[in-house]
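Student: One structure follows; several queries about it will come next.
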Amino acid sequence: MIKESSSGESTPTHGGRVRHRKRSSNEVPPDMNKSTEPNLLVNDRNKYKSMLIRTYSSLWMIGGFALIIYMGHLYICAMVVVIQIFMAKELFNLLRRGNEARHLPGFRLLNWHFFFTAMLFTYGRFLSQQLVNTVTSDKLLYKLVSGFVKYQMFICYFLYIAGFMWFILTLKKKMYKYQFSQYAWTHMILLMVFAQSSFTVANIFEGIFWFLLPASLIVINDIAAYFFGFFFGKTPLIKLSPKKTWEGFIGASVTTMLSAFVLANIMGRFQWLTCPRKDLSTGWLSCDPGPLFKPEFYSLQEFFPGWFPWKEIPILPVQWHALALGLFASIIAPFGGFFASGFKRAFKIKDFGDSIPGHGGITDRMDCQMVMAVFAYIYYQSFVRPQDFTVEMILEQILKNLSFQEQQVLYEQLGKIREYAADPYIFGFMAKFNFGDFV
């Protein structure tokens, strides 16, 4: 009679010995979910030890994050790229089986070919204007970059087609199912992970504020949910994530909403955070903050008696937008974490990786951030960004659709219009018909 070990699966050998399969550190034991007692933090005997490890690694992450924020837009983008690469690595390895992978030596390289093609396409679309503005002083480099911006979609398409042909040519008999599952898995990673997280970069160049505030709200929501569940959690929230509780969810929601309103007022007072970056330089920024970041004063005399010391309170208009971000971060974004929990249960793993002590892998920390990044971008474009034509928008269309010679002709024509505007009679005529805005 052969007994099964609790640490792994047992299989008999010809000599009567029992061989145990070594279980991965983040794999869930088969009997993990058989306990009838709710797996809540308040019932966890090792909760204080895990809390110390989690807190220690969180402090290191927050400190490093604050340093990168201080260094500026380009360094934040580099951080996002590194995070995306680590996430892709964790997810690529999730479905890769060693035996099949050994028979397909170039297949792993193909995954990264698709990944970097998607990176070139996405960042090329988001950062084309900043890239062109950076190289305007060098005529040759300006021509090269302008050509790349114009034909960027064509270049990326043929890079993708090259990867597609590469995949077809490497198909092997008896491995079709594995290869096609890996091909589909790669595209799911690009769609669900890379495409969503890339919106973060677009938010950064609209102003670090629109990246930092949503990201901070997710962190605050996560920390608040952990501590409220740690001390007060009694009622399970969702079966997909058994340690989540209603007490943690509600407490985190209230904390996140209050934090959103306060943080928007604090962050909105720093031009380094509110000014958009028009190029890829790293210098200090100074700009007109705009009406969203200029305080409006609200009287308190109608609500408080005369002896109350504060007669009015300053509120930045952006604080009302922050409430919408806080509501999404506390109610909707956690479903990104629930999705990740269900995903891990489907593959019987505890975490996507073990790169962050107490937290798991990079993907475990970024699940809600991806959902939040897309919403922050869409919300900004829909309700915050001015919808009128701007100089930057017109310049972007010129750079994308006109050749260098055509741009020179346009520049000469604008110079002539400027000369006409210098004539007082012509200037009066143009002002009468509202042509003055174009010169």
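The values are calculated or read from the model by the stated rules, or taken from the named source; none is laboratory data. This is a predicted model, so every value here is computed, not measured. Because the Cβ atoms are built from the backbone with ideal geometry, glycine has one as well, and the counts that use them run over all protein chains shown. Accessible surface areas use protein heavy atoms only, side chains included; no ligands, DNA or RNA. Shrake-Rupley method; radii C 1.70, N 1.55, O 1.52, S 1.80 Å.
Student: Scan the range 263-277 and tell me whether some residue there is of a type outside the set (S, T, N, Q), at pLDDT below 90 and surrounded by fewer than 12 Cβ atoms within 10 Å (Cβ to Cβ).
Tutor: no
Residue-wise test of (1) over 16 Å from the mean Cα position of the chain (by Cα); (2) open to solvent by less than 50 Å² (accessible area, probe 1.4 Å).
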| site | (1), (2) |
| --- | --- |
| TYR56 | yes, no |
| GLY64 | yes, yes |
| TYR70 | yes, no |
| ILE76 | no, yes |
| GLN84 | no, yes |
| GLU90 | yes, yes |
| PHE107 | yes, yes |
| PHE116 | yes, no |
| GLY124 | yes, yes |
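Student: When you look at GLN152, is it at pLDDT 90 or above and closer than 30 Å to LEU395 by Cα, yes or no?
Tutor: Spelling it out, GLN152 is indeed at pLDDT 90 or above and closer than 30 Å to LEU395 by Cα.
Student: Only residues that are surrounded by 17 or more Cβ atoms within 10 Å (Cβ to Cβ) and either of a type outside the set (A, V, I, L, M) or within 25 Å of the chain's Cα centre (by Cα) (or both): list them for the range 306-316, please.
Tutor: None; the set is empty.
Student: Out of the residues in the range 327-381 that are open to solvent by 50 Å² or more (accessible area, probe 1.4 Å) and not in a helix (DSSP H, G or I), state the one that is modelled with the lowest pLDDT.
Tutor: Taking the candidates together, the pick is PRO357.
Student: Now for a separate question. Just the residues that are open to solvent by less than 20 Å² (accessible area, probe 1.4 Å) and under 14 Å from ILE398 (Cα atoms), please, taken from the range 131-144.
Tutor: VAL132
Student: So which residues in the range 257-281 are over 11 Å from GLY207 (Cα atoms), in a loop (DSSP other than H, G, I, E, B) and within 21 Å of the chain's Cα centre (by Cα), if there are any at all?
Tutor: ASP279, LEU280
Student: Working only within the range 227-237, note down all residues that are surrounded by fewer than 20 Cβ atoms within 10 Å (Cβ to Cβ) and either touching a Gly at 6+ places or on another chain (Cβ under 9 Å) or among the hydroxyl-bearing types (Ser, Thr, Tyr) (or both).
Tutor: Selection gives PHE227, PHE232, THR235.
Student: So which residues in the range 126-149 are of a type in the set (A, V, I, L, M, F, W, C) and either at pLDDT 90 or above or farther than 23 Å from VAL81 by Cα (or both), if there are any at all?
Tutor: LEU140, LEU141, LEU144
Student: Answer yes or no as to whether ARG21 is exposed (fewer than 15 other Cβ atoms within 10 Å of the Cβ), under 27 Å from ASN111 (Cβ atoms) and at pLDDT below 90.
Tutor: For ARG21, the condition - exposed (fewer than 15 other Cβ atoms within 10 Å of the Cβ), under 27 Å from ASN111 (Cβ atoms) and at pLDDT below 90 - is met.
Student: Go through the range 290-324 and give me each residue that's among the hydrophobic types (A, V, I, L, M, F, W, C), touching a Phe, Trp or Tyr at 6+ places or on another chain (Cβ under 7 Å) and closer than 30 Å to CYS368 by Cα.
Tutor: Once the filter is applied, which keeps residues that are among the hydrophobic types (A, V, I, L, M, F, W, C), touching a Phe, Trp or Tyr at 6+ places or on another chain (Cβ under 7 Å) and closer than 30 Å to CYS368 by Cα, the range 290-324 yields ILE315, LEU316, VAL318, ALA322, LEU323, ALA324.
Student: Considering each residue of the range 154-208, count those that are within 30 Å of SER281 (Cβ to Cβ) and exposed (fewer than 12 other Cβ atoms within 10 Å of the Cβ), and give that number.
Tutor: Total meeting the criteria: 1.
Student: Let me ask something else about it. Find all pairs meeting these conditions: Cβ atoms under 7 angstrom apart; at least six residues apart or on different chains; first residue within the range 234-249 and outside any strand (DSSP E or B); second residue modelled with pLDDT under 90 and basic (Lys, Arg).
Tutor: That search, which allows pairs on different chains as well, returns LEU240/ARG345; GLU247/LYS234.
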